[in-house]
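Visitor: This is the structure, below, for whatever I ask next.
The values are calculated or read from the model by the stated rules, or taken from the named source; none is laboratory data. For clarity, every value in this text was computed on a predicted model and none was experimentally measured. Cβ sites come from the backbone with ideal geometry, for glycine too, and all protein chains shown count toward neighbours. Only protein heavy atoms, including side chains, enter the accessible area calculation; ligands, DNA and RNA are left aside. Shrake-Rupley method; radii C 1.70, N 1.55, O 1.52, S 1.80 Å.
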Amino acid sequence: MHIVVIGAGYAGAGAANRLAAKVAGARITVVNPRADFIERVRLHEQLAGTGSAATPLTEMLRPGITLRVAAADKIGDGTVALDDGTDVAFDHLLLAVGSTARPLPGTIPVGTWEGAERGRAALAALDADRVVTVVGGGLTGIETAAEVAEARPDLRVRLVSGTLGASLSPGGQRSARRGLARLGVECVRGEIDQVDGSGVRLRSGTELESDLTLWAVVSGVPELAARSGLAVDAEGRALVDAHLRSVTDPRVFVIGDCAAVPGARMACATAGPQGTHAADTLARMIEGRAPRPYSMAYAGQALSIGRRNAVVQATRGDDTPLPLYLARRPAAVAKESIVRYAAHAARTGNALWLRGRQP
């Protein structure tokens, strides 16, 4: 029996490792476009030069798992066509290609490894007093602006967004704004219309100087599922049943950001549990037992504001914010623990989560 996992992020690596431990005798192949496991939640550190987001997959995957460093072009009937011209046959497949960014021309995306590396080089080349503009007021945008401002206090850092920290409670938003202000980040309310060599223009017509513009908005998923003929939603995420199997091909599980699970947030907090559940479900099916439906409830969100400050926001199970949040140094310690746990869960395949409503 051959199980193929496409993508080696939080969902894919975790699922592969759990399957290796639970399905005796199965051949497991992980297909990934690079030889490293990328901690998406550390890409702002990679960009700012304050940390590393890459770990060799040889250190992440259990012995016996085969790694193919290639990109998947198309999923066919029991085969995957790779960009190196070869095909890989499978009995079961787990699709875990994550999400991507669609930046405006003239900007560098933060949410991809390639973008973070480009941003790192561009940032290092900037002289003092230059202006860095971060587009996007979500958790990624706040983290990026804060990380750059703390790492390069000689630069002027600006964050442009419609709403700052929209997923946070009012108190959490205020805490995030205060943290950015302490680091000297200028927050500008507005939507980007165009970026050129001299700066950025808002839809309001306001023009802002910018020497480096970073796109911190995660939007969309890779087109592999749609290109392969799997049923997808309007955003291109593969439609799945209650067990995280593609509604088009029950041999294919879809997990992480590329899965259209109602109410799911694009995050490692979602990817890890889905990877673990899919692996457990597949193991049960191989043993001839009935699969169990997937369910999950959220407990909170966390964002860093530099290395010594953070906000940990408590949420309801549906991910809406509660009035309770943790801030400053205790929150920074908690956030780092959460990030380390996410990587540990991927390495071991042992993610834990709260049960909630079924999709």
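Visitor: Condition first: buried (at least 22 other Cβ atoms within 10 Å of the Cβ), polar (S, T, N, Q) and under 22 Å from the mean Cα position of the chain (by Cα). Can you find one or more residues in the range 111-123 that meet it?
Guide: From the range 111-123, those buried (at least 22 other Cβ atoms within 10 Å of the Cβ) are 111, 115-116, 119; that's our starting set.
Those still in the list that are polar (S, T, N, Q) too: none.
For the range 111-123, residues buried (at least 22 other Cβ atoms within 10 Å of the Cβ), polar (S, T, N, Q) and under 22 Å from the mean Cα position of the chain (by Cα): absent.
Visitor: Moving on to the next point. List, please: which pairs have Cβ atoms under 6 Å, are six or more places apart or on different chains, and start with a residue in the range 286-303 that is of a type in the set (S, T, Y) and modelled with pLDDT of 95 or more and end with one that is outside any loop (DSSP other than H, G, I, E, B) and open to solvent by less than 20 Å² (accessible area, probe 1.4 Å)?
Guide: Y294/H277; Y298/T315
Visitor: Within the bounds of the range 167-182, is there any residue that is in contact with a Ser or Thr (Cβ under 7 Å, 6 or more places away or on another chain) and either of a type outside the set (A, V, I, L, M) or open to solvent by less than 10 Å² (accessible area, probe 1.4 Å) (or both)?
Guide: Within the range 167-182 (the criterion being in contact with a Ser or Thr (Cβ under 7 Å, 6 or more places away or on another chain) and either of a type outside the set (A, V, I, L, M) or open to solvent by less than 10 Å² (accessible area, probe 1.4 Å) (or both)), the answer is no, since none of the residues qualifies.
Visitor: Here is a list of conditions, (1) open to solvent by 50 Å² or more (accessible area, probe 1.4 Å); (2) touching a residue at least 24 places away in the same chain (Cβ under 8 Å); (3) within 22 Å of the chain's Cα centre (by Cα); (4) farther than 22 Å from T107 by Cα, and V261 meets all of them except one; can you say which number that is?
Guide: It fails just one condition, (1).
Visitor: If a residue has to be aliphatic (A, V, I, L, M), in contact with a Lys or Arg (Cβ under 9 Å, 6 or more places away or on another chain) and either outside any loop (DSSP other than H, G, I, E, B) or open to solvent by less than 30 Å² (accessible area, probe 1.4 Å) (or both) to count, how many in the range 214-225 make the cut?
Guide: 3
Visitor: Within the range 117-136, how many residues turn out to be touching a strand residue (DSSP E or B) at 6+ places or on another chain (Cβ under 8 Å) and either in contact (Cβ under 8 Å) with a residue 40 or more places away in the chain or of a type in the set (S, T, N, Q) (or both)? Break it down stepwise before answering.
Guide: Here is the first cut: in the range 117-136, the residues touching a strand residue (DSSP E or B) at 6+ places or on another chain (Cβ under 8 Å) are 118-119, 122-123, 126, 129-136.
If we keep only those that are either in contact (Cβ under 8 Å) with a residue 40 or more places away in the chain or of a type in the set (S, T, N, Q) (or both) as well, we get 119, 122-123, 126, 130-136.
Qualifying residue count for the region: 11.
Visitor: Is it the case that the range 271-281 has a residue that's more than 24 Å from F37 (Cβ to Cβ) and either crowded, with 24+ Cβ neighbours inside 10 Å or not basic (K, R) (or both)?
Guide: So the first thing to find is which residues in the range 271-281 are more than 24 Å from F37 (Cβ to Cβ), and the list is none.
There is no residue in the range 271-281 that is more than 24 Å from F37 (Cβ to Cβ) and either crowded, with 24+ Cβ neighbours inside 10 Å or not basic (K, R) (or both).
Visitor: Next up: So which residues in the range 182-197 are in a strand (DSSP E or B) and modelled with pLDDT under 95? Steps first, answer last, please.
Guide: Taking the range 182-197 as the starting set, the residues that turn out to be in a strand (DSSP E or B) are 186-189, 192-196.
Once the filter is applied, which keeps residues that are in a strand (DSSP E or B) and modelled with pLDDT under 95, the range 182-197 yields I192, D193, Q194, V195, D196.
Visitor: Across the range 198-213, what is the total count of residues that are in contact (Cβ under 8 Å) with a residue 60 or more places away in the chain, in a loop (DSSP other than H, G, I, E, B) and open to solvent by 50 Å² or more (accessible area, probe 1.4 Å)?
Guide: Within the range 198-213, residues that are in contact (Cβ under 8 Å) with a residue 60 or more places away in the chain, in a loop (DSSP other than H, G, I, E, B) and open to solvent by 50 Å² or more (accessible area, probe 1.4 Å) number 1.
Visitor: In the range 226-258, how many residues are more than 19 Å from A283 (Cβ to Cβ), among the hydrophobic types (A, V, I, L, M, F, W, C) and open to solvent by 20 Å² or more (accessible area, probe 1.4 Å)?
Guide: The number of residues fulfilling the criteria is 6.
Visitor: Name the single residue, out of those in the range 346-359 being of a type in the set (A, V, I, L, M) and in a loop (DSSP other than H, G, I, E, B), that is least open to solvent (accessible area, probe 1.4 Å). Reasoning before the result, please.
Guide: Here is the first cut: in the range 346-359, the residues of a type in the set (A, V, I, L, M) are 346, 351-352, 354.
Still in the list and also in a loop (DSSP other than H, G, I, E, B): 351-352.
Working: A351: 11, L352: 141 Å².
Once the filter is applied, the top-ranked residue is A351.
Visitor: Scan the range 27-62 for residues that are open to solvent by less than 30 Å² (accessible area, probe 1.4 Å) and either on the phi > 0 side of the Ramachandran plot or without any contact (Cβ under 8 Å) to a residue 40 or more places away in the chain (or both) and jot them down.
Guide: Within the range 27-62, I28, V30, N32, G51 qualify.
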